[in-house]
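Reading through the structure tokens given below for one structure.
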Amino acid sequence: MEKENTITEYNFTGTSRLVLLIGMGLGVVCMILSFFLDGGVEHHARFWSNFLHNSVFFTGIALMATFFIAVCITAWAGWYTIFKRVWEAFSQFLIVGFILMLIIGIGIYLHWHHLYHWADQTILNPENEEVYDAILHGKSAFLNTTWYVIIGGLIVLVWVFFAYKLRALSLDEDQNGGDANFSHHRSMRWYAAAFLPIAGFSSAAMIWLWIMSVDSHWYSTLFAWYTGASWFVSMIALTILVLVYLKNRGYFANVSAEHFHDLGKFMFAFSIFWTYLWFSQYMLIWYANVGEETTYFKQRIDHYPVLFYGNLIINFIVPFFVLMRNDTKRKYGTLVFVSIVLLLGHWWDFFLMLKPGILHTAHEAAGMTGEHGGFTPGFTIPGLLEIGTMLGFLSLFLFVAFSVLSRSSLVAKNDPFLEESLHHHV
Amino acid sequence: MSYRNRSIVYGLYNDEEVLLDAVKVANEKHLKIMDVFTPFPIHGLDPLLGLEESRLHIGGFVYGSLGTLTAFLGMTWIFVQDWPQIYGGKPHWSVPAFIPITFELTVLFAAIGMVVTFYIINGLGPGVVNPYIDPRITDDKFCIAFDVHEVNQVDAEAFLSETGAAEINAKTL
């Protein structure tokens, strides 16, 4: 009854394409500019760090969409079925993410950039007494180009496979599903259950390689969880924004305040989970006060105080106090406001994870030693070129997601949980 | 909300869907329902009865904030004023170390405060005997009750039998 009133095909109009293409063009212009306006940091570190920052951020969002589909299927969840095509569309960005991260990986082999200190072969040889780095030599069984490019690439391909498979089964269910055995759904349950442990362990390895290893001497066992939570909140925030946009365009008429309420609860809960992990990591390092560990926070508090404390305010204080009430999770105004704040906030969080370490490595590679304060364009705070690059990557992400979305029905009409989703009540 | 010493007419229904329809009919006829008793929460019943959202959570926020302040100011006083000691070379006023206990007391105050408030508002607690209409409303019966001072007993009984109540009774609580 309700299903018939709904538009089931998404039309990716020329105007939307044009807007997103302009966004991508802006991103390309900003990347070219940041390639040359490097602010005195050598080896085009500004360009490459922006590239890494945004690739990691949006690939992570696609991974979390895949992961959350698998979680929902395994948990017999039914509330999300009505808009599951949006997450399936997000998950297909993993293919693009694979290419983006491959470019970074090839760059390590071809010395296009010096993002990773461990990639420097000369410091691993004990005979080079002046530059030999015993710590990185000890870590070189894991922190090496083979792990980064070959094994890392294979891991992302495994993610791509599961993202593709879960969507392919879901699309095939539209055409040939609806049998009494729910054979498509049963098959999806196998793939989803297999993906959960794979994603759980492999995402940690990729976070160590892609992000944590820019501070190559430092490590934290909580770091992967903390980064994963950051990805997850960003994914939920982007989902809310895309759903509100599509609803305004007349799609997803059946997605009600009840569904947004649940998305809002996830955003609220995982913002607090993120804060919990952030604080746990900080407090243990602060308490133990071991020099090798405190250097990470010392560097950030001394040279990036606005980013460091602002990170906590926008990613914890804002969602905590705005989304605490029942009705703010059900109203578009507050929900969209918090989603935009959190999407930018967690992008900012990744900025703070990556940039200080990359700048430090770039200074070392240039032969500079000691403390280096002062303002560095593109590193001290996100500049206009960084924001433009982010908008370019966001446009790319949305372009891929909307293209995928337009190629299938918006309603998974034979999904056994569809009816439950239509009558969802919080 | 005490229903002590009130004369009521009530009907017991076997199905929650029948009860929901009956409540809609009562609203159309402007019969003032005293209360509805069900063994489990029924989706869509609250708006039909015109029940407002509970304000218990506002109390929860106040109690929680009180816990935050108690813990934080308490530890500040203890570790800075009353008995300053140095632990691991940290300053006396070590905010990160206070956060876990501040969190715990926030949760504790909010939880206990809300439970006590809930009990007081509903007249519950140790040693209190509350009247009940029928023991089966905690099992498989769904009850609509009218106060005979608000709704004529004949009207109420007619309404209950029309809308499919399985049993109709009157009693004084």
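What follows is calculated from the coordinates using simple rules that are stated; it is not laboratory data. None of these values were measured; they are calculated from a predicted model. When we count neighbours, we look across all protein chains shown, and the Cβ atoms used for this are built from the backbone with ideal geometry, even at glycine.
Some observations on this one:
- Amide H contacts under 5 Å for B:E167, placed H, 5+ residues apart: B:L12
- Checking the cross-link pairs A:K329/B:K141; A:K247/B:K24; A:K165/A:K355; A:K329/B:K29; A:K265/B:K24; A:K247/A:K329 against a 28 Å limit on the alpha carbon distance flags A:K329/B:K141; A:K247/B:K24; A:K165/A:K355; A:K329/B:K29; A:K265/B:K24 as lying beyond it.
- For A:Y164 and B:H30, the FRET efficiency from 1/(1 + (r/R0)^6), where r spans their Cβ atoms and R0 equals 56 Å, is about 0.40.
- In straight-distance terms, cross-link reach from A:K139 covers every one of the aspartates and glutamates whose alpha-carbon lies under 15 Å from its own, apart from those fewer than eight places away in the same chain; here that gives A:D120, A:D215, A:E292.
- Within a Gaussian network of chain B (alpha carbon springs, distance under 10 Å), most fluctuating of B:K29, B:K90, B:K141: B:K90
- Extreme residue, positive dipole direction of segment A:69-187, given options A:A119, A:Y148, A:G78 (C-beta unit charges): A:G78
- Taken along the Cα-to-beta-carbon direction at a fixed 7 Å, the label points for B:L124 and B:Y87 span 3.7 nm.
- Length added when fully stretched, A:I135-A:V341, from 0.36 nm per residue minus Cα-Cα: 70.3 nm
- Other protein chain Cβ atoms within 10 Å, averaged over every residue that makes up A:282-289: 3
- In chain A, Cα pairs under 8 Å separated by at least six residues give a relative contact order of 34 percent.
- The mean sequence distance of close C-alpha pairs (under 8 Å, at least 6 residues apart), as a share of the length of segment B:56-121, puts its relative contact order at 56 percent.
- CD proxy at 222 nm, helix term only [per DSSP H run n ≥ 4: -39500 (n - 2.57); per residue of the protein assembly as shown; nearest 500]: -20500 deg cm²/dmol
- Longest exposed-site-free window of chain B, the sites being GluC sites (Glu not before Pro) in a DSSP loop that have at most 13 other C-beta atoms within 10 Å: B:54-149
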